[in-house]
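Asker: Please find one structure pasted underneath; my questions will follow.
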There are 2 protein chains.
Amino acid sequence: MSGDQKVRAALIVIGNEILSGRTQDANIVHIAKELNGVGVTLSEVRVIPDIEAEIIETVNALRARYTYVFTTGGIGPTHDDITAECVAKAFDLPLIRNHEAVGLIEKRAKERGVELNESRLRMANTPEGATLIYNSISGAPGFKIGNVYVMAGVPSVMRVMLEEVKPELEGGEPTLSRAVTSQAPEGLMAEGLGLIQDDYPDMDIGSYPFYRPDGLFGTTIVMRHADAAQLDKAAEEVAALMRENGGKPEFRDTADD
Amino acid sequence: MSGDQKVRAALIVIGNEILSGRTQDANIVHIAKELNGVGVTLSEVRVIPDIEAEIIETVNALRARYTYVFTTGGIGPTHDDITAECVAKAFDLPLIRNHEAVGLIEKRAKERGVELNESRLRMANTPEGATLIYNSISGAPGFKIGNVYVMAGVPSVMRVMLEEVKPELEGGEPTLSRAVTSQAPEGLMAEGLGLIQDDYPDMDIGSYPFYRPDGLFGTTIVMRHADAAQLDKAAEEVAALMRENGGKPEFRDTADD
């Protein structure tokens, strides 16, 4: 369903807190939308634990496959923060103490009046040749090496790092979307929807049924493509299909809801 | 950090709606917690698009590696619902029309007074030899083949399917957890925390800093292990470390927050 000119990215979420169910992930949606906005398609997400072999294997599998790879998590000062050394090993590069990062961490420690200890200085370790991703919130930077962008897992910190990174990403045309919702049941529209998909072979057309606690059910059809005119035409055809099947279609220009 | 006797599972989230940022995932946390409760550790999550080759490759990679694999999404009646045929191909089994599933879908169509068309009957297709996972909400079942459990993506439907599946899962000892939170900075506790981890080598000890919009910052330490007494002892040591570093520790018996 997807065109082949897309610029594709993967996200690696590193950390036991998502896999244990402790933490509701808040980063995937944000990163997906921000990447969409600069014409980069998030094509795969892997959530993996703080285990060295798994991080190395995953980084290497995905950096070979995608234009950009983003990681979140595991760059703090504690024993479970092993992302920097694992990424260095994945690239077969030495882990060095980055002098610019030391300066940033020293400055922040002075401002906050906290001790500059070895644990905090560990956050200045990067693979040799990495460039820093600045972080105005907690001071300790992320870094970029090759096509891999290593960011914090704390959502507020990740967001400022992603803002630093976005201007340098070279995306394709941004993907636009349209959503049409009605109470027409998915099972009645399926055949017609397949025919619309056949007419727009490179459009991503998804069908999402909903069942609300009040007993209301229906279907949202989401169309994604770079061309607004094509999207509007397809959305009208979907709306007509909904009307044929007893629905009163409501349009939304973006697929956010 | 993790013991080797754990029963491990992976989750494959199939669907463009998470990757596009349209939908905030609500299934990972729920499945992680429910599996924890029956002694199964969620060890990896992959979010992948509705693309046949990717689904087949991912199912085969993960079913070889984990005791249980769960999938969510892609089992409805529309053209973008391709999970059943992909799982059949992954197992190299024919896709058949499951007679029991046809009966369930016919029954629900009669109850709702909707047409029983070919699109709806597609939801009765399973790999040959699959057993059904019942679904009291929308009628159309999921299925199990080998160690792979194929469930719906709609959270309310996924939840009733997971309830059907849980009694047959053979887990290890449930993983218990303790969380201790204070304003002691992660960077001051990191060395002491590493020493505590050394004393409890098979305990999963995670450090999670927080930065709140009101300027409050601090750290939550989460400990996960099967033995409550060990957890309580480690939690007291973490609390002492926090007090040494200016924090007033607060305990929680579960890591949920």
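The values are calculated or read from the model by the stated rules, or taken from the named source; none is laboratory data. All of these numbers come straight from a predicted model, not from anything done at the bench. A quick note on method: Cβ atoms are made from the backbone with ideal geometry, for glycine too, and the neighbour counts reach across all protein chains shown.
Asker: For segment A:101-153, how many residues meet the condition of being in contact (Cβ under 8 Å) with a residue 60 or more places away in the chain and in a strand (DSSP E or B)?
Answerer: Narrowing segment A:101-153 to residues in contact (Cβ under 8 Å) with a residue 60 or more places away in the chain: A:140, A:142, A:146-153.
Filter once more, so that each one left must be in a strand (DSSP E or B): A:142, A:148-151.
Final tally of qualifying residues: 5.
Asker: Would a scan of segment A:82-101 turn up a residue that is of a type outside the set (A, V, I, L, M, F, W, C) and at the interface with chain B (Cβ under 10 Å from one of its Cβ atoms)? Reasoning before the result, please.
Answerer: Narrowing segment A:82-101 to residues of a type outside the set (A, V, I, L, M, F, W, C): A:83, A:85, A:89, A:92, A:94, A:97-100.
Next cut, at the interface with chain B (Cβ under 10 Å from one of its Cβ atoms) only: none.
For segment A:82-101, residues of a type outside the set (A, V, I, L, M, F, W, C) and at the interface with chain B (Cβ under 10 Å from one of its Cβ atoms): absent.
Asker: Condition first: in contact (Cβ under 8 Å) with a residue 40 or more places away in the chain and within 9 Å of chain A (Cβ to nearest Cβ). Can you find one or more residues in segment B:178-186 that meet it? Give the steps one after another, and end with the answer.
Answerer: The first filter runs over segment B:178-186 and keeps only residues in contact (Cβ under 8 Å) with a residue 40 or more places away in the chain, leaving B:178-185.
If we keep only those that are within 9 Å of chain A (Cβ to nearest Cβ) too, we end up with B:179, B:185.
Yes, because at least one residue in segment B:178-186 is in contact (Cβ under 8 Å) with a residue 40 or more places away in the chain and within 9 Å of chain A (Cβ to nearest Cβ).
Conditions (1) in contact with a strand residue (DSSP E or B) (Cβ under 6 Å, 6 or more places away or on another chain); (2) within 14 Å of chain B (Cβ to nearest Cβ), marked per residue:
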position: A:149; (1), (2): yes, no
position: A:153; (1), (2): yes, yes
position: A:213; (1), (2): no, yes
position: A:239; (1), (2): yes, no
position: A:243; (1), (2): no, no
position: A:252; (1), (2): yes, yes
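Asker: Hey, another quick one. Would you pick out the residues in segment B:32-64 that are β-branched (Val, Ile, Thr), within 15 Å of residue A:45 (Cα to Cα) and in a loop (DSSP other than H, G, I, E, B)?
Answerer: Within segment B:32-64, B:51 is the sole residue that qualifies.
Asker: Another question, then. Is it the case that residue A:194 is touching an Asp or Glu at 6+ places or on another chain (Cβ under 6 Å) and at the interface with chain B (Cβ under 9 Å from one of its Cβ atoms)? Steps first, please.
Answerer: Values: touching an Asp or Glu at 6+ places or on another chain (Cβ under 6 Å): no; at the interface with chain B (Cβ under 9 Å from one of its Cβ atoms): yes.
Considered against the rule, which asks whether it is touching an Asp or Glu at 6+ places or on another chain (Cβ under 6 Å) and at the interface with chain B (Cβ under 9 Å from one of its Cβ atoms), residue A:194 comes out as no.
Asker: Identify the residue in segment A:18-32 that is within 7 Å of chain B (Cβ to nearest Cβ) and touching a residue at least 24 places away in the same chain (Cβ under 8 Å) and, among all such residues, is nearest to residue A:75 (Cα to Cα).
Answerer: So in segment A:18-32, the residues within 7 Å of chain B (Cβ to nearest Cβ) come out as A:18-22, A:24-25, A:28-29, A:32.
Narrowing the set further to residues that are touching a residue at least 24 places away in the same chain (Cβ under 8 Å) leaves A:18-19.
Details: A:18: 16, A:19: 18 Å.
Of everything passing the filter in segment A:18-32, A:18 is nearest to residue A:75 (Cα to Cα).
Asker: With respect to residue B:58, is the statement that it is within 23 Å of residue B:201 (Cα to Cα), polar (S, T, N, Q) and either within 10 Å of chain A (Cβ to nearest Cβ) or surrounded by 24 or more Cβ atoms within 10 Å (Cβ to Cβ) (or both) true?
Answerer: On the way: within 23 Å of residue B:201 (Cα to Cα): no; polar (S, T, N, Q): yes; either within 10 Å of chain A (Cβ to nearest Cβ) or surrounded by 24 or more Cβ atoms within 10 Å (Cβ to Cβ) (or both): yes.
Spelling it out, it is not the case that residue B:58 is within 23 Å of residue B:201 (Cα to Cα), polar (S, T, N, Q) and either within 10 Å of chain A (Cβ to nearest Cβ) or surrounded by 24 or more Cβ atoms within 10 Å (Cβ to Cβ) (or both).
Asker: Among the residues of segment B:228-238, is there at least one that is assigned to a strand (DSSP E or B) and out of contact with any helix residue (DSSP H, G or I) (no Cβ under 8 Å at 6 or more places or on another chain)?
Answerer: In the first step, residues of segment B:228-238 are kept if they are assigned to a strand (DSSP E or B); the result is none.
Within segment B:228-238 (the criterion being assigned to a strand (DSSP E or B) and out of contact with any helix residue (DSSP H, G or I) (no Cβ under 8 Å at 6 or more places or on another chain)), the answer is no, since none of the residues qualifies.
Asker: To continue, here is another question. Can you say whether residue B:152 is over 15 Å from the mean Cα position of the chain (by Cα) and crowded, with 22+ Cβ neighbours inside 10 Å, as far as the supplied structure shows?
Answerer: Working: over 15 Å from the mean Cα position of the chain (by Cα): no; crowded, with 22+ Cβ neighbours inside 10 Å: yes.
So residue B:152 does not fit the description; no.
Asker: While we're here: Inspect segment A:18-31 for any residue being outside the structural domain of residue A:195 (by TED's automatic domain parsing), outside any loop (DSSP other than H, G, I, E, B), in contact with a helix residue (DSSP H, G or I) (Cβ under 7 Å, 6 or more places away or on another chain) and over 26 Å from residue B:177 (Cα atoms) and give the result as yes or no. Break it down stepwise before answering.
Answerer: Of segment A:18-31, the ones outside the structural domain of residue A:195 (by TED's automatic domain parsing) are A:18-31.
Filter once more, keeping what is outside any loop (DSSP other than H, G, I, E, B): A:18-19, A:27-31.
Applying the additional criterion that residues be in contact with a helix residue (DSSP H, G or I) (Cβ under 7 Å, 6 or more places away or on another chain) yields A:18-19, A:27-28, A:30-31.
When the remaining residues are screened for being over 26 Å from residue B:177 (Cα atoms), the result is A:30-31.
Yes: one or more hits.
Asker: Say whether the condition of being more than 25 Å from residue A:35 (Cβ to Cβ), of a type outside the set (A, V, I, L, M) and either more than 27 Å from the chain's Cα centre (by Cα) or surrounded by fewer than 23 Cβ atoms within 10 Å (Cβ to Cβ) (or both) is met by at least one residue in segment A:83-90.
Answerer: yes
Asker: Quick check on my filter: what residues within segment A:155-197 are acidic (Asp, Glu) and either assigned to a helix (DSSP H, G or I) or touching a strand residue (DSSP E or B) at 6+ places or on another chain (Cβ under 9 Å) (or both)?
Answerer: Start the filter on segment A:155-197 by keeping residues that are acidic (Asp, Glu), which leaves A:163-164, A:168, A:170, A:173, A:186, A:191.
Correct list: A:163, A:164, A:168, A:170, A:186, A:191.
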